[in-house]
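Colleague: Sharing a structure below in structure tokens format, with a few things to ask.
The values are calculated or read from the model by the stated rules, or taken from the named source; none is laboratory data. It should be emphasised that the depicted structure is a prediction, and the values quoted were computed from it without experimental measurement. Virtual Cβ from ideal backbone geometry, glycine too; neighbours counted across all protein chains shown. All accessible areas refer to the heavy atoms of the entire protein, side chains included, with ligands and DNA or RNA removed. Shrake-Rupley method; radii C 1.70, N 1.55, O 1.52, S 1.80 Å.
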Amino acid sequence: MKTFLAVVLPFFISSVVSAQTVGRDAAARYFQKRDVAQSPFGGASADHYLALHFGKYMSSQSYEWGKNGQEDDVGGNNFGVTYRIGEWYNSMDLNLRIDYAEFEVGDENSSKISFVPMITFPDASSRFPLYFGAGIGPGVFFKQVSGKSSLSLDYQLIAGARFFNIFENTGFFIEAGLKNHLLLLSSGQLNGTFLAFGLVFTF
């Protein structure tokens, strides 16, 4: 009997250990829900990204928008908010940018709000300070030059630098690029360059 146990018992223990290592239980461990990966923001990679910005057109030209065929320096101040609504991990972000802009076309004032889905790279979770982006979307005029369309197609090309968590979850950024639009239901367009700065929040 002792001889039998001496032979069988080690074999039985070895089989149990092997089953736990390579069996169903071991395989199940690979399908357990993982903790959310940590991001450079100090929290989870699902942290939200929101930016508030103030900017100004540095130069701008309008074509067939006002009474004259072409006018210079028609763009004024602009204010906006950018919120990340999606992320391609280790690649780029999908953002929604809402911009309010003011213009002076000839002797008339104009203002509009635009809703621009925008792709920026690299993704904010990388914490790389430089970023680039492009977006296109609709614009709606609160006040428009007489006889011109109240709807526009807005498109932007941007480049900037952002610095996260300067004070807790608040940082800042500076950005420059192109902000253009085409009037949809009438002739008229704007080509402009801008400079903006603001705050970045992660929460």
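Colleague: In region 130-164, which residues are modelled with pLDDT under 95 and surrounded by fewer than 15 Cβ atoms within 10 Å (Cβ to Cβ)?
Modeller: S146, G147
Colleague: Being touching a Ser or Thr at 6+ places or on another chain (Cβ under 6 Å), of a type in the set (S, T, N, Q) and open to solvent by less than 20 Å² (accessible area, probe 1.4 Å) is true for just one of S125, S114. Which residue is that? Walk me through it before giving the result.
Modeller: Numbers: S114 fails: touching a Ser or Thr at 6+ places or on another chain (Cβ under 6 Å).
Being touching a Ser or Thr at 6+ places or on another chain (Cβ under 6 Å), of a type in the set (S, T, N, Q) and open to solvent by less than 20 Å² (accessible area, probe 1.4 Å) holds for just one of S125, S114, which is S125.
Colleague: Here is a further query. Assess whether G86 counts as being in contact with a Leu (Cβ under 7 Å, 6 or more places away or on another chain) and free of Cβ contacts under 8 Å to residues at least 24 places away in the same chain.
Modeller: On the way: in contact with a Leu (Cβ under 7 Å, 6 or more places away or on another chain): yes; free of Cβ contacts under 8 Å to residues at least 24 places away in the same chain: yes.
Answer is yes for this residue.
Colleague: Mind checking which residues of region 26-68 are open to solvent by less than 50 Å² (accessible area, probe 1.4 Å), under 30 Å from K143 (Cβ atoms) and either outside any strand (DSSP E or B) or modelled with pLDDT under 50 (or both)?
Modeller: If the condition is that a residue be open to solvent by less than 50 Å² (accessible area, probe 1.4 Å), under 30 Å from K143 (Cβ atoms) and either outside any strand (DSSP E or B) or modelled with pLDDT under 50 (or both), then W65, G66 are the ones that fit.
Each row is one residue, and each column tells you yes or no for (1) part of a strand (DSSP E or B); (2) closer than 14 Å to F132 by Cβ; (3) open to solvent by 10 Å² or more (accessible area, probe 1.4 Å).
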position	(1), (2), (3)
I166	yes, no, yes
E175	yes, yes, no
N180	yes, no, yes
S186	no, no, yes
N191	yes, no, yes
L199	yes, no, yes
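Colleague: Could you grab the pairs with beta carbons closer than 9 Å, sequence gap of 6+ or different chains, first residue in region 177-193 and on the phi > 0 side of the Ramachandran plot, second one open to solvent by 40 Å² or more (accessible area, probe 1.4 Å) and acidic (D, E)?
Modeller: Within 9 Å, the pairs are G188/E64.
Colleague: Working carefully through the options G106, G133, find the one that is at positive phi, of a type in the set (G, A, S) and out of contact with any His (no Cβ under 7 Å at 6 or more places or on another chain). Show your work before the answer.
Modeller: Numbers: G133 fails: at positive phi.
None of the others qualify; the one that does is G106.
Colleague: Which of the following residues is assigned to a helix (DSSP H, G or I) and not β-branched (V, I, T): S149, S125, S111?
Modeller: Values: S149 fails: assigned to a helix (DSSP H, G or I); S111 fails: assigned to a helix (DSSP H, G or I).
That would be S125, the only listed residue that is assigned to a helix (DSSP H, G or I) and not β-branched (V, I, T).
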